[in-house]
Amino acid sequence: MTQEGIALVCFDLNKTLIKEDSWLNLSLAMGVTQEEDDLLMR
C-alpha cells in the first residue's frame with residue numbers, strides 16, 4: 001500500500017474472478033437497459 005492509501009484497483013469484466021456478469025451489472029448501473037445491452041452484445 002502507498003502512503004496515499006490505495007495501491008491498486010482491479011476490474012474484472014469477463015468472469016475471470018467474479019462468477020456473475022459484472023459487465024451487465026456495470027452497464028445497468030450506468031443506465032443501459034437490458035435490451036440495449038443485448039443489442040450491443042450482438
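Nothing in this text is a laboratory measurement; each read-out follows from the coordinates by a stated rule. Not measured: the values here are computed from a predicted model. No Cβ is skipped: glycine too gets one built from the backbone with ideal geometry, and neighbour counts run over all protein chains shown.
Only Lys, Arg, Asp and Glu carry charge here, each on its Cβ (+1 for the first two, -1 for the last two); on that basis the chain has a dipole of about 160 debye about its Cα centre.
Charge tally around Arg42: other residues with Cβ under 15 Å, Lys/Arg +1 each, Asp/Glu -1 each, net -4.
Stretched out straight at 0.36 nm per residue, the stretch from Leu26 to Leu8 would grow longer than its current Cα-Cα span by 4.5 nm. One decimal place: the segment Ile18-Leu40 gains 5.8 nm when fully extended, by the rule 0.36 nm per residue minus the C-alpha distance. When you count the other C-beta atoms within 10 angstrom of each residue and take the mean per peptide, 19-28, 32-41 line up highest first as 19-28, 32-41.
Computing log10 I(q)/I(0) by the Debye sum over Cα atoms at q = 0.15, 0.16, 0.28 Å⁻¹ for the structure here picks out one of (1) -0.50, -0.55, -0.95; (2) -0.46, -0.52, -1.08; (3) -0.56, -0.58, -0.90, namely (1).
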